[in-house]
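Working notes for the structure below.
The values are calculated or read from the model by the stated rules, or taken from the named source; none is laboratory data. In this text the structure is predicted, and so the values were computed from the model without any measurement. Glycine gets a Cβ as well: all are built from the backbone with ideal geometry, and neighbour counts include every protein chain shown.
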Amino acid sequence: MSDELKHECGIAMIRLLRPLEYYQKKYGTSLYALNKMYLLMQKQVNRGQDGAGLANIKLNVEPGKRYISRYRSNKTNSVQDIFTYINKKFEKVELNSPGKLKDVQWLKENMPFSGELYLGHLRYGTYGGNSIENCHPFLRQNNWMTRNLVLAGNFNMTNVDELFNQLIELGQHPKRNLTR
């Protein structure tokens, strides 16, 4: 490593190795990973005062079903804002259909943020403004399941112009160049 680690962005990831039914049975909730992700991100809140984001990926989903969820916030207390937004969705289900949150299959098919992989990011801005567009995770969607990308990082890209030109040489048409 060429640079000394400093106080920069925070990243958290959870990948469940067992089906959601296991967590429902063992811990009494299929939202086990979501609850743990909140704790992980809250413990790193000092590493991201400029914003935060959370992405979730559901595995083994039928075609036509949404399998990537993402929510970002650049508000004050962004971690709380994200989890308040997500938890309201689950509270609404419980209010309208008591006990439905115990139906793991229904949750996975119908509710966002009920999958097996979570990626959280807390933004410690070193470049750009405090726009929601600068908050990770970034999401690049494609109709080909294997060509989707969810990315969060703790890095500064110093060779943006060089990478931009390489993409053009490959025949691509990048949406924007952040240095211009």
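Kindly evaluate Lys36 against the criterion of being more than 25 Å from Asn142 (Cβ to Cβ), loosely packed, with under 15 Cβ neighbours inside 10 Å, at pLDDT 90 or above and of a type outside the set (A, V, I, L, M).
Values: more than 25 Å from Asn142 (Cβ to Cβ): yes; loosely packed, with under 15 Cβ neighbours inside 10 Å: no; at pLDDT 90 or above: yes; of a type outside the set (A, V, I, L, M): yes.
For Lys36, the condition - more than 25 Å from Asn142 (Cβ to Cβ), loosely packed, with under 15 Cβ neighbours inside 10 Å, at pLDDT 90 or above and of a type outside the set (A, V, I, L, M) - is not met.
In this structure, does Thr84 turn out to be in a loop (DSSP other than H, G, I, E, B), among the β-branched types (Val, Ile, Thr) and under 17 Å from Ser114 (Cα atoms)? Spell out the reasoning first.
Values: in a loop (DSSP other than H, G, I, E, B): no; among the β-branched types (Val, Ile, Thr): yes; under 17 Å from Ser114 (Cα atoms): yes.
Spelling it out, it is not the case that Thr84 is in a loop (DSSP other than H, G, I, E, B), among the β-branched types (Val, Ile, Thr) and under 17 Å from Ser114 (Cα atoms).
Yes or no: Gly51 at positive phi and touching a residue at least 60 places away in the same chain (Cβ under 8 Å)? Spell out how you get there, then give the answer.
Values: at positive phi: yes; touching a residue at least 60 places away in the same chain (Cβ under 8 Å): yes.
Here the answer is yes, as Gly51 does meet what is asked.
Restricted to the stretch 40-69, and to residues there that are more than 27 Å from Gln105 (Cβ to Cβ) and small (Gly, Ala, Ser), the residue that is modelled with the lowest pLDDT is Gly48.
Determine whether Gly51 is under 17 Å from the mean Cα position of the chain (by Cα) and among the small types (Gly, Ala, Ser).
Values: under 17 Å from the mean Cα position of the chain (by Cα): yes; among the small types (Gly, Ala, Ser): yes.
Here the answer is yes, as Gly51 does meet what is asked.
Each residue in the stretch 53-77 was checked for being outside any loop (DSSP other than H, G, I, E, B) and either of a type in the set (Asp, Glu) or touching an Asp or Glu at 6+ places or on another chain (Cβ under 8 Å) (or both), and 2 of them qualify.
Mind checking which residues of the stretch 70-87 are among the charged types (D, E, K, R), at pLDDT 90 or above and surrounded by fewer than 18 Cβ atoms within 10 Å (Cβ to Cβ)? Answer for the stretch 70-87, where residues must be among the charged types (D, E, K, R), at pLDDT 90 or above and surrounded by fewer than 18 Cβ atoms within 10 Å (Cβ to Cβ): just Asp81.
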